[in-house]
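The values are calculated or read from the model by the stated rules, or taken from the named source; none is laboratory data. Since the model is a prediction, treat every value here as computed from it, not as a measurement. Every residue, glycine as well, gets a Cβ built from its backbone with ideal geometry; the counts of neighbours run over all protein chains shown. Heads up: the accessible areas ignore ligands, DNA and RNA and are worked out on the full protein's heavy atoms, side chains in. Shrake-Rupley method; radii C 1.70, N 1.55, O 1.52, S 1.80 Å.
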Amino acid sequence: MMITDNPIRLLILFVILAPSIFLGGCFSKDVAPSFYTLAAPQPIEDKTGRTRNLLLGPITLAPHLDQPLIAARDEKNKISYFTLHQWAGRLDRLIGLQLANNLENRLSDTTVTLHPARINGDSGYQVELQVLQFESVDSKEAVLSVQWQLRHLRSGKTVASRLSRIKAPVNGVDTRSLPPSLSFVLEKFSDEISEAYLAIETK
């Protein structure tokens, strides 16, 4: 007699196989990744009367940041990635867009142009950035570490060169809380660039 002809044996077979069928169905489904951007640009109501120019970029990323996945670093400096959490575009471009918007809102007399676009003429300044860290650290902090130089476009002379390291707590327990904290450290970094630029412009 076949096993399917016996109700008791059929029930036993179902109990044994059901979990594997259920779990197999769950894990065979692809989980769609989530995509993140940084802070939304703040509108700039009036750009008239801006007589100075600032060229922002190029922005160079450390190799571990130059890819779509959001990076994390542990206490032993081991780098890992949130495979289901990705940037919604090139990270250097996302950073540049937020910095340019931040700076134009801080520097009322300056037009900020994002590299590789060019400004008219060679009057003004250029800030170049090498981003060393832009990531979660120990799942507790958002950290930005960036080496940057401010130079005069016409002469090529470097007028400021600094290493900035800015940290902010991650307010939440999941990865969705990280991009807002990273946007916040970019806000603070924008303050540092603005202060250096204004100090030169007022000399």
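Values as computed for the structure displayed
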read-out: Residue match in the range 82-97 (condition: open to solvent by 60 Å² or more (accessible area, probe 1.4 Å), at pLDDT 95 or above, assigned to a strand (DSSP E or B) and more than 30 Å from residue 51 (Cβ to Cβ)); value: no
read-out: Test: residue in the range 169-180 that is assigned to a strand (DSSP E or B) and either in contact with a Leu (Cβ under 6 Å, 6 or more places away or on another chain) or more than 23 Å from residue 67 (Cα to Cα) (or both); value: yes
read-out: Any hit, the range 98-105, residues being touching a residue at least 40 places away in the same chain (Cβ under 8 Å) and of a type in the set (Asp, Glu); value: yes
read-out: Qualifying residues in the range 45-71 (those that are aliphatic (A, V, I, L, M) and either at pLDDT below 95 or within 23 Å of residue 197 (Cβ to Cβ) (or both)) - the one most open to solvent (accessible area, probe 1.4 Å); value: 69
read-out: Cβ pairs under 6 Å, 6+ apart, first in the range 57-83 and touching a residue at least 12 places away in the same chain (Cβ under 8 Å), second open to solvent by 50 Å² or more (accessible area, probe 1.4 Å) and not aliphatic (A, V, I, L, M); value: 57/115; 58/115; 60/130; 69/81; 70/82; 71/81; 72/80; 75/138
read-out: Residue count for the range 122-148, restricted to those that are among the polar types (S, T, N, Q), open to solvent by less than 50 Å² (accessible area, probe 1.4 Å) and touching a Ser or Thr at 6+ places or on another chain (Cβ under 6 Å); value: 1
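Yes or no, residue by residue, for (1) open to solvent by less than 10 Å² (accessible area, probe 1.4 Å); (2) at pLDDT below 90; (3) more than 25 Å from residue 87 (Cβ to Cβ); (4) not in a strand (DSSP E or B):
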position	(1), (2), (3), (4)
105	no, no, no, yes
113	no, no, no, no
150	yes, no, yes, no
160	no, no, yes, no
167	no, no, no, no
182	yes, no, no, yes
188	no, no, no, yes
191	no, no, no, yes
198	no, no, yes, yes
